[in-house]
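The values are calculated or read from the model by the stated rules, or taken from the named source; none is laboratory data. The structure displayed is predicted, hence computed values, not measured ones. Note that we place each Cβ from the backbone using ideal geometry, even for glycine, and neighbour counts take in every protein chain shown.
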Amino acid sequence: MDFEPQYVSLTTDRIEICASQAFTDEDDCCAYYLKIENNSDAPIMVLGKDLNITDTQGHHFVTSDHTFKGEILELNPGEYFEFEDMMPTLPGTAVLYGTCRIIKENRAQDIKIPALELVSSQNSAVVFN
């Protein structure tokens, strides 16, 4: 199967988040990729993410992580961080969206993650129980 990721991005306060589905050869998983880029003039700390995933069957999953796989990120102007993760799947498609929590100039704020459609290699989508 040829895989050509479709990237979507949003910029808030000069912090850009780019998202795409990531390739996985596991039939029962769906993967996603996030890139957080600090295009502002000040350093930022990325504290974590809140993700919402809704599939075509109406299942809804919300997760809140206070880190990215155990890391609190510090990004200076011009730096970026890439993150990839996987989740289980069932038939259909799903939409992933949410926010990243950052601190910039001693002020906490949420930066939107762009909405991303997820489809597995078996034309399956994310479902959480």
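For the condition at pLDDT 85 or above and more than 28 Å from ARG107 (Cα to Cα), what is the one hit in TYR33, TYR7, TYR80?
TYR7
Where in region 9-120 are there strands (runs of 3 or more DSSP E), lying fully within it, with 3 or more residues that are surrounded by 15 or more Cβ atoms within 10 Å (Cβ to Cβ)?
By residue number, 15-22, 29-38, 44-55, 80-91, 94-104, 107-118.
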